[in-house]
1. Counting only residues 5 or more places away or on other chains, whose amide H sits under 5 Å from the amide H of Tyr25 once H atoms are built in the peptide plane?
2. With θ taken as phi - 60° and the coefficients 6.51, -1.76 and 1.60, list the Karplus ³J(HN,Hα) couplings across the stretch 45-61 in order, rounded to whole Hz; mark glycine and proline as x.
3. Angle, helix 3-22 long axis vs. longest principal axis of the chain, Cα atoms, 0 to 90°, nearest 10?
4. Give me, ordered by chain and number, the residues 5 or more places off Thr32 or on other chains with an amide H under 5 Å from its own placed amide H.
5. Send over the per residue convex hull volume for the stretch 4-49, Cα only, as a whole number of Å³.
6. At 0.36 nm per residue, minus the direct Cα-Cα distance, what do Val6 and Arg42 gain on full extension? Give it in nm, one decimal, please.
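FYI, it's all coordinate maths here, none of it is from the lab. What you see is a predicted model; the values in this text were computed from it and never measured.
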Amino acid sequence: MNTNVVLLLLGLVGVYLAASTLWPYTKCGACTGGKLASPTGRYWRPCGRCGGKGRRRRFGAVLLGRGR
Ligand SMILES: [Zn+2]
């Protein structure tokens, strides 16, 4: 493999990990703000996947132990 490609990949990983440290969470894809709403939108229950928080730790944040 080309050295420049390796350096580029390392750089991208570094940027990703730095971004994961600054912003450890991403939004939960299964709900809206931690709420799973009924079709009418009037009723809802807490989302089981994110524990009703509406956020998920990013892979990089899990790796680095950032966030809870
Ligand atoms: Zn959720």
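1. Under 5 Å from the amide H of Tyr25 lie the amide H atoms of Arg58, each far enough along the sequence or on another chain.
2. Coupling constants for the stretch 45-61: 9, x, 6, x, 6, 10, x, x, 9, x, 9, 9, 6, 6, 4, x, 5 Hz.
3. 40
4. Ala37
5. Values: hull volume 4.3 nm³, N = 46.
Spread over its residues, the Cα hull of the stretch 4-49 gives 93 Å³ apiece.
6. Extra length available between Val6 and Arg42 comes to 7.8 nm.
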